[in-house]
Amino acid sequence: MRSSNLIMPTVHFTLNGVATEASYESGMRLLEVLRESCGIVSAKDGCSPEGACGCCLVNIDGRPALSCLRKPEQMEGHDIVTLEGLPEETRRVIGDAFVLEGGVQCGFCIPGIVVRAASLIERGKSGDRDAIAKALDGHLCRCTGYGRIIDAIQTAGEATANGGQLPDVPRRHHFFGEDIGLSRDPAFANGGGSPHGIGRSAPRHGGLEQSLGEKPFVADMAAPEMLHGAMVPTAHPRARVLKIHTAAARAMPGVVRVLTAADVPGPRGTGINSPDQPVFVAEGEVTCCVADFVAMVVADTPFLARQAAASVQVDYEVLEPVTDAVEALKPGAIQVHSADTYFPTPNLLEPVTAFTRGDVDAALDAAAHVVETTFVTSAVEPAFLEPEACLVVPRREGVRQRVRVHAESQGSVYDQQQIARVLDIEPNDVEIVLAASGGAFGAKEELSIQAQTALAAQLLGRPVKTVLTREQSTQHHVKRHPMTVALTVGADAEGHLLSLRSRIVADAGGYHTTSAKCALRAACHSCGPYRVPNVDVESKAVYTNNPNSGAMRGFGSNQAQFAMEGVMDILAQKVGVDGWDIRMRNVLDPGDEFATGQIMRGSVRGMRASLEAVKDIYKSARYKGIGCGIKSTGLGNGTTEGGYITIRVVEGPRLEIRNGYTEMGQGIFTATLQTVCQETDLPAGIMQVTWDKDLGNKCGETWASRGTTLSCAAAKIAAEKLAADLKDQPLDQLVGREYVGEYVLNVTTRPGTPEWVKNKDTHLTFSYSTQVVILDDQGLVTRVVAAHDVGRALNPRLCAEQMEGGVHMGLGYALSENFTSTGGVPDSLALRELGIVAAKHMPKVDVILIEIPDEVGGYGAKGVGEIGCVSTAGAVAGALHSFDGIRRLTLPMDDAPAARPSLPKSRRPSIAVPADARVVPA
Ligand code: FES
């Protein structure tokens, strides 16, 4: 380890069977020593030193232990075994079991869980699902919903007892709407004959490497002569930075440089939609939220950099923060940004979304039933397990200073442009290399530390790597928007919807990020999947000094549809029918208008089919709730969107498949590979899928549930060309050829614009869901049935994985997750206090996949990334009402018996029903 000039203490232990001497700095954790001194990468740092995520689990003297909680000086003479050191047969069996059962998505949490699994199997405790779930108490997974992780551990245990032989089929079954007479298209039910073709549950591409911790994340990467960065966040959400004292930090051992705003050569503002967030807040400027950074320390080691960062002192003039989005709009409210900075109307982000159809007032006057209610939703932390990390390698070419940026962003285009701007160099001099991402859920769209790290590398002429601590990560990145949704909805005597007025206010936090667009998406989804002939919608995003809000799985549709599903339940009660009947009367059919006026095509039949699929389950349950959901696929709203794929035939012969969208655990590379298998009949074993920067520049960000739909449409085009050549020549004679597939659409308009008046198609397409939540006699959630129209199940297991993970996130949203702040300061940054549903509290989740192919895309696949959690909260609210008769209008519903919030009661806000929440009698 490179370090200070001081003589460092050393510790001696056995590591994976090898006698090891490791040096360390006083105050370091064993995890840091293993990763920085011993070359171990399977033990991941997800929350050090909190000990909540389980990603750093190793065996110490034969017992599982969190290495982030152990001090190196305690390890003298001990025996440490990491995942790398487990017996090869154990690694193979458990790793293969995770792939078979679909227990791995982004893969960041899995190496630690594999260590746990090996211990459970060795101790004969892998046969009891409840015991496994309890043992997973020390682990967090944000992707899977845990069910398949438990499956994998059980299967691995059985295989170990069976001489290492894994079964041919996984234990979990998902359904295809057989109960309602749906059957799969035979052309796609068997992968076109290919074991890896479309419609087959092919193994996740690279799944074994992910499970064994061999897939490198950015934090696992290194470069010669690499330095390390550590960030200094603001201490106050709204304060004038008077003086930044860096002398003490600069004098500390190992410190190479301290950077502040004065070091930035270009404009400091970053942000995908508005460059309003500075990479560093300068002396004399005012912070806007706790996401702000004031300085960065670069040192020889990450430990020294963090220690020095903690010694940077800042003098602040603390100012009164703006914390209420509704109050922030009132005349005389404190302005978060100066009014002349970017927007003409202070605190109100532009553009505001507003559109109308028909005559809402006349329809309300004629309505037999009117529901007028306000819903309030909470801020939610995305809690991806991999904290933000970035490695930048500078390169001088003549007079040009270039940088190569390794990051786990959701796309490269905006990163490249923004970093170039900050560094005041040409975009072509910034090369983005996207690495595997340990989860993102939308919250890795904006820059985090890439520009600052690139600046450090540029100034110092050496590679620099920065990794945020869990607390810094949580403090910095965006949350799901808290929204207030006021609805006035009219219906006829039978409950057919006639009109809807929606007024939405979203708390954007300190910076714009994607807030105006998220408010737009909430507006578009404000009617849910229901036919409403008269619509009047206005949706605003508002600056406050609360933690930043931005993109998170569902992107505004969750909030809007929690409100609309609540209205549907109230309406059902007024009409005297159940939740299923009221929805069946109103769901969109072909030819109906979406909220924005878009005419729904034939593929909307998936909405009604998902309702049909859960009818018997819902009707026969005692305490139950039902929620319907619709989620746009793609950005729409006037954006040109496409998929771009190249297939290169290389020596072997092998295929190099390049995709411009990135893999974050959603399985996009697997589906792309399956497309090529489907069209060419070539074996998957000769194919490799990777991200490509040139194609990435064309695709843009991997967001809005569009990547797989558009990628596979493009891959189909490229693979068809290859298949045509294969008719005349064998593959080895095609070495050197490249096949290009591009699938580009420019068919949408933004509501409220002149273009929209002529063309009401605001979205490429949609996916649909109905979820039923069932409670037991104690009011606890015992089962969730999730019926989802995915258009085409390109890989049924991957589709089901997305839905199960979505339900897990949706249950947390409904019952326990609440990222609260006081005066703009988060009440807790602890991972364990976010209210994420633990494995032992997850109910049974049954997934029903429905295939009503879409008109868009190569095989008719609809987006699956976000829809999984859209309808859950509404269904939970209905179930709770059926249990105790309380109508809940505020998220999370953590007063319910089913709720197990993690935030201590003293720090939990009380449930407050808004004063204007009322049901107007008919
Ligand atoms: Fe568990 Fe992503 S697979 S956090």
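The values are calculated or read from the model by the stated rules, or taken from the named source; none is laboratory data. Just so you know, these numbers come straight off a predicted model, no measurement behind them. A quick note on method: Cβ atoms are made from the backbone with ideal geometry, for glycine too, and the neighbour counts reach across all protein chains shown. Only protein heavy atoms, including side chains, enter the accessible area calculation; ligands, DNA and RNA are left aside. Shrake-Rupley method; radii C 1.70, N 1.55, O 1.52, S 1.80 Å.
Which of the residues that make up region 137-154 are more than 10 Å from the ligand (Cβ to nearest atom) and surrounded by 24 or more Cβ atoms within 10 Å (Cβ to Cβ)? Explain how you work it out, then say what you get.
Of region 137-154, the ones more than 10 Å from the ligand (Cβ to nearest atom) are 137-138, 147, 150-154.
Those that are more than 10 Å from the ligand (Cβ to nearest atom) and surrounded by 24 or more Cβ atoms within 10 Å (Cβ to Cβ): G147, I150, A152, I153.
Quick grid of which residues meet (1) touching a Ser or Thr at 6+ places or on another chain (Cβ under 9 Å); (2) assigned to a helix (DSSP H, G or I); (3) at pLDDT 95 or above:
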{"site": "D536", "(1), (2), (3)": "yes, no, yes"}
{"site": "F555", "(1), (2), (3)": "yes, no, no"}
{"site": "M568", "(1), (2), (3)": "no, yes, yes"}
{"site": "D581", "(1), (2), (3)": "no, yes, yes"}
{"site": "M584", "(1), (2), (3)": "no, yes, yes"}
{"site": "P590", "(1), (2), (3)": "yes, no, yes"}
{"site": "T596", "(1), (2), (3)": "yes, no, no"}
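So for region 113-120 (the condition being away from the ligand (no atom under 16 Å from the Cβ) and of a type in the set (K, R)), does at least one residue qualify? I'd like the intermediate steps shown before the answer.
Quick first cut of region 113-120, residues away from the ligand (no atom under 16 Å from the Cβ) only: 118-120.
Retained after the next criterion (residues that are of a type in the set (K, R)): none.
Checked against the condition, which is being away from the ligand (no atom under 16 Å from the Cβ) and of a type in the set (K, R), region 113-120 yields no hits at all.
What are the residues in region 48-89 that are assigned to a helix (DSSP H, G or I) and open to solvent by 50 Å² or more (accessible area, probe 1.4 Å), if any?
If the condition is that a residue be assigned to a helix (DSSP H, G or I) and open to solvent by 50 Å² or more (accessible area, probe 1.4 Å), then E73, Q74, E84, E88, E89 are the ones that fit.
Looking only at helices (runs of 4 or more DSSP H) that fall completely inside region 662-750, which ones have 2 or more residues that are touching a Pro at 6+ places or on another chain (Cβ under 8 Å)?
In region 662-750, 668-680 are the helices (runs of 4 or more DSSP H) which contain 2 or more residues that are touching a Pro at 6+ places or on another chain (Cβ under 8 Å).
Residue pairs, Cβ under 6 Å, 6 or more apart or interchain, first in region 105-124 and touching a residue at least 24 places away in the same chain (Cβ under 8 Å) and closer than 12 Å to L136 by Cβ, second away from the ligand (no atom under 14 Å from the Cβ) and among the polar types (S, T, N, Q). List them.
L120/S126
Go through region 637-667 and report how many residues are more than 22 Å from the chain's Cα centre (by Cα) and open to solvent by less than 10 Å² (accessible area, probe 1.4 Å).
5
Given (1) within 16 Å of the ligand (Cβ to nearest atom); (2) modelled with pLDDT of 95 or more; (3) of a type in the set (D, E, K, R); (4) touching a Gly at 6+ places or on another chain (Cβ under 8 Å), where does E381 come up short, assuming only one miss?
Of (1) within 16 Å of the ligand (Cβ to nearest atom); (2) modelled with pLDDT of 95 or more; (3) of a type in the set (D, E, K, R); (4) touching a Gly at 6+ places or on another chain (Cβ under 8 Å), only one is false for E381: (4).
Search region 429-476 for residues being modelled with pLDDT of 95 or more and part of a loop (DSSP other than H, G, I, E, B), and hand back the single one that is farthest from M803 (Cα to Cα).
Within region 429-476, the match that is farthest from M803 (Cα to Cα) is G461.
For region 25-47, which residues satisfy the criterion of being open to solvent by less than 30 Å² (accessible area, probe 1.4 Å), at pLDDT 95 or above, in contact with a helix residue (DSSP H, G or I) (Cβ under 6 Å, 6 or more places away or on another chain) and assigned to a loop (DSSP other than H, G, I, E, B)?
If the condition is that a residue be open to solvent by less than 30 Å² (accessible area, probe 1.4 Å), at pLDDT 95 or above, in contact with a helix residue (DSSP H, G or I) (Cβ under 6 Å, 6 or more places away or on another chain) and assigned to a loop (DSSP other than H, G, I, E, B), then M28, I40, S42, A43, C47 are the ones that fit.
When both residues are 6+ apart or on different chains and their Cβ atoms are under 6 Å apart, which pairs have a first residue that lies in region 126-143 and is over 15 Å from E804 (Cβ atoms), and a second that is outside any helix (DSSP H, G or I) and within 16 Å of the ligand (Cβ to nearest atom)?
Pairs that qualify, where the first residue is over 15 Å from E804 (Cβ atoms) and the partner is outside any helix (DSSP H, G or I) and within 16 Å of the ligand (Cβ to nearest atom), are G138/G54; H139/G54; L140/C53.
Report every pair of residues separated by at least 6 positions or lying on different chains whose Cβ atoms are under 6 Å apart, first residue within region 573-597 and on the phi > 0 side of the Ramachandran plot, second in a loop (DSSP other than H, G, I, E, B) and open to solvent by 40 Å² or more (accessible area, probe 1.4 Å).
G597/K760
Taking the residues in region 384-420 that are away from the ligand (no atom under 16 Å from the Cβ) and under 26 Å from N545 (Cα atoms) as candidates, determine which candidate is surrounded by the fewest Cβ atoms within 10 Å (Cβ to Cβ).
The qualifying residue surrounded by the fewest Cβ atoms within 10 Å (Cβ to Cβ) is Y414.
Just wondering, is there one or more residues in region 661-678 that are more than 22 Å from G207 (Cβ to Cβ) and either within 16 Å of the ligand (Cβ to nearest atom) or acidic (D, E) (or both)?
no
For region 195-234, what are the residues that are outside any loop (DSSP other than H, G, I, E, B) and either in contact with a His (Cβ under 9 Å, 6 or more places away or on another chain) or within 15 Å of the ligand (Cβ to nearest atom) (or both)?
Listed by number, the residues that qualify are G207, L208, E209, Q210, S211, V218, A219, M231, P233.
If I filter region 403-422 down to residues being among the charged types (D, E, K, R) and at pLDDT below 95, which single residue comes out as farthest from S437 (Cα to Cα)?
Once the filter is applied, the top-ranked residue is D415.
Could you tell me which numbered condition F98 fails, if it satisfies all but one of (1) touching a residue at least 24 places away in the same chain (Cβ under 8 Å); (2) more than 20 Å from D45 (Cβ to Cβ); (3) assigned to a helix (DSSP H, G or I); (4) more than 15 Å from the ligand (Cβ to nearest atom)?
The number of the failed condition is (4).
Kindly establish whether E494 is at pLDDT below 95 and open to solvent by 10 Å² or more (accessible area, probe 1.4 Å).
No.
Between T753, T770, T762, which is at pLDDT below 95 and buried (at least 19 other Cβ atoms within 10 Å of the Cβ)?
The conditions single out T762.
Does S515 meet the test of being more than 29 Å from Q573 (Cβ to Cβ), open to solvent by less than 10 Å² (accessible area, probe 1.4 Å) and among the polar types (S, T, N, Q)?
It is true that S515 is more than 29 Å from Q573 (Cβ to Cβ), open to solvent by less than 10 Å² (accessible area, probe 1.4 Å) and among the polar types (S, T, N, Q).
Being more than 21 Å from A389 (Cα to Cα) and out of contact with any Phe, Trp or Tyr (no Cβ under 7 Å at 6 or more places or on another chain), is that true of even one residue in region 48-58?
Yes.
Only one of these is free of Cβ contacts under 8 Å to residues at least 12 places away in the same chain, more than 30 Å from V847 (Cβ to Cβ), surrounded by fewer than 22 Cβ atoms within 10 Å (Cβ to Cβ) and of a type in the set (A, V, I, L, M, F, W, C): A235, A262, A251. Name it.
Selected residue: A251, the only one of A235, A262, A251 that is free of Cβ contacts under 8 Å to residues at least 12 places away in the same chain, more than 30 Å from V847 (Cβ to Cβ), surrounded by fewer than 22 Cβ atoms within 10 Å (Cβ to Cβ) and of a type in the set (A, V, I, L, M, F, W, C).
From the residues in region 170-194 that are acidic (D, E) and part of a helix (DSSP H, G or I), which one is most open to solvent (accessible area, probe 1.4 Å)?
Going through the qualifying residues, I end up with D179.
How many of the residues in region 134-148 are closer than 27 Å to F217 by Cα and assigned to a helix (DSSP H, G or I)?
Result for region 134-148: 6.
Matching residues to (1) open to solvent by 20 Å² or more (accessible area, probe 1.4 Å); (2) modelled with pLDDT of 95 or more:
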residue	(1), (2)
Q307	yes, yes
E317	yes, yes
H337	yes, no
N347	no, no
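Any residue that is modelled with pLDDT under 90, over 30 Å from N586 (Cα atoms), in contact with a Ser or Thr (Cβ under 8 Å, 6 or more places away or on another chain) and of a type in the set (A, V, I, L, M) - is there at least one of those in region 725-732?
Pass one, region 725-732, residues modelled with pLDDT under 90: none.
No, there is no match, as no residue in region 725-732 is modelled with pLDDT under 90, over 30 Å from N586 (Cα atoms), in contact with a Ser or Thr (Cβ under 8 Å, 6 or more places away or on another chain) and of a type in the set (A, V, I, L, M).
All but one of (1) surrounded by fewer than 24 Cβ atoms within 10 Å (Cβ to Cβ); (2) closer than 21 Å to A787 by Cβ; (3) not charged (D, E, K, R) hold for G597; which doesn't?
Failing condition for G597: (2).
Go through region 735-748 and count every residue that is surrounded by 20 or more Cβ atoms within 10 Å (Cβ to Cβ) and over 20 Å from G554 (Cα atoms). Can you show your working first?
Our first condition is that a residue be surrounded by 20 or more Cβ atoms within 10 Å (Cβ to Cβ); within region 735-748, this holds for 739, 741, 743, 748.
Applying the additional criterion that residues be over 20 Å from G554 (Cα atoms) yields 739, 741, 743.
Final tally of qualifying residues: 3.
Could you identify the single residue in V413, V399, V393 that is among the hydrophobic types (A, V, I, L, M, F, W, C) and over 28 Å from the mean Cα position of the chain (by Cα)?
One residue alone meets the criteria, V399.
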